[in-house]
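Here is the structure we will look at, set down as structure tokens.
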Amino acid sequence: MTSRKATARAHPNIALVKYWGKRDAALVLPHQSSFSVTLAPLEVTTTVELDAGPSRVELNGREATGAERDRVLALVNLVAHEAGRPLGGVRVVSRGNFPMAAGLASSAAGFAALARATRAAAGLPDDVARTSRLARAGSGSAARSVQGGFCTWQRGQRPDGEDSFATQDFPESHWPELRLLACVVSGAEKDVSSRDGMAATVETSPYYRAWVEDAEAEVPRARDAVRRRDLAALGVLAERNAWRMHATALAAEPPCCYLRPGTLAVVLALPGARAKGCPVYFTLDAGPNPVLLTTAEHVARVEALARAAGASDVLRCAPGGDARLVDGALF
Ligand code: PMV
């Protein structure tokens, strides 16, 4: 059988209303919906070759092993199932253009690109809902990196997860002056993965139910703030949603604390900047490095503020486009 090969590229995304907690760990089904924006120019490029001999998976220059490799091969198996034929051994090479120390989920962009490329290599037609469901199986947040701009991942109701995927609410062109600055305050590996942290939170945090109800209700409000391009409304909402996710994780047993002194140094500098007329807000994933929301006009000032508060690197981003097939295979 002739081998087939495809290459895709996707942006990571940052959640403005976070996903935190699975109702089904095997299918990666969330307890609540979430809402995010993709981050250009950060991107991951992934080349997939099917029927390529013994399976090999290379992520950012090193051979993937164990659970990491298994997650990639499990996604390829799902595509084989849909294609209705075995795809043979696969070769996957994936590379990001941004420092892993930034703590931005390269897995979101990586699995979105992998899902797009594998479906194309298997000859399946482009279908954003199917691609998003597939990416979800690799890493929940990857469901939201299949389309660009601003996307909602609907939690869905079905036990088989068929209704749990992300769709685009607004393309990147809707709010071109929005800026997102990823601030590196700590390059250390986190002690607890988001996978383990959210599982511990679901099982032991007494605040978990309140988190689910609140986050679900925040999604349409966040969408409305984006629709109006209202940075203050979106910023206030993103901040409170980040605090509430971390609060429910902190209340787990043992506590799950992703905040570091450098995180607070940046985050606590923001109210003072706002009082001086600089519109800047934060959000924070399951790691120490905050992402600051502002507009193009204020980027230089916000970057200076983050560096003065101790950030060692600041990556300037804006809303990015869809995951897409590209030329230029990585092997
Ligand atoms: O997709 P995962 O399993 O890496 O989980 C991501 C969880 C957060 O980044 C903290 C929130 C989110 O919605 O992206």
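The values are calculated or read from the model by the stated rules, or taken from the named source; none is laboratory data. Nothing here was measured: the structure is a model prediction, and the numbers come from that model. All Cβ positions, even for glycine, are placed from backbone atoms using ideal geometry, and neighbour counts span all protein chains on display. Heavy atoms of the whole protein, side chains included, go into the accessibility calculation; ligands, DNA and RNA do not. Shrake-Rupley method; radii C 1.70, N 1.55, O 1.52, S 1.80 Å.
Here is how the numbers come out for the structure above:
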item	result
Efficiency of FRET between ALA275 and ALA188 - r from beta-carbon atoms, R0 41 angstrom, step 0.05	0.80
J(HN,Hα) series, the stretch 77-87, from Karplus relation 6.51 cos²θ - 1.76 cosθ + 1.60, nearest Hz, glycine and proline x	4, 5, 5, 4, 4, 5, 6, x, 7, x, 9
Label point distance in nm, TRP243-ARG307, each placed 7 Å from Cα along Cα→Cβ	3.0
Placed amide H near ALA40: partners under 5 Å, 5+ positions off or other chain	ALA318, GLY320
Residues with amide H under 5 Å from that of GLU58, placed H, sequence gap 5 or more	ALA64, VAL92, VAL93, SER94
Per-residue SASA entry for PHE331, accessible area with 1.4 Å probe, Å² rounded to 10	50
Inter-label distance for ALA296 and ARG209, nm, one decimal - labels placed 7 Å from Cα along Cα-to-Cβ	4.8
Shape of the chain, Cα gyration tensor, a/c cut at 1.5	prolate
Cα gyration tensor shape of the stretch 178-319, rounded if a/c is under 1.5, else prolate or oblate by comparing a/b with b/c	oblate
Vicinal HN-Hα couplings computed from phi for the stretch 257-270 (Karplus, 6.51 cos²θ - 1.76 cosθ + 1.60; Hz; Gly/Pro x)	10, 9, 6, 10, x, x, 5, 5, 4, 6, 5, 6, 7, 6
Interchain or long-range residues, amide H under 5 Å from LEU330's placed H	THR47
Order of exposure, largest accessible area first, which applies to ASP196, ASP127, ASP322 with probe 1.4 Å	ASP196, ASP322, ASP127
Formal net charge of residues neighbouring ARG119 (Cβ-Cβ distance under 12 Å; K, R +1; D, E -1)	+1
Listed residues LYS18, LYS276, LYS190 arranged by accessible area, highest first, probe 1.4 Å	LYS276, LYS190, LYS18
Accessible area of the stretch 178-319 belonging to carbon and sulfur atoms, whole % at 1.4 Å probe	54
MRE, 222 nm, helices only [DSSP H, n ≥ 4, -39500 (n - 2.57), over the chain, to nearest 500]	-11500 deg cm²/dmol
Accessible area expressed per residue, the chain, with surrounding protein chains retained (probe 1.4 Å, Å²)	40
Where labels lie 7 Å past Cα in the beta-carbon direction, separation of LEU325 and ASN97 in nm	2.1
Residue-wise HN-Hα coupling along the stretch 118-124, computed from phi with Karplus coefficients 6.51, -1.76, 1.60 (Hz; x: Gly, Pro)	5, 4, 5, 4, 7, x, 7
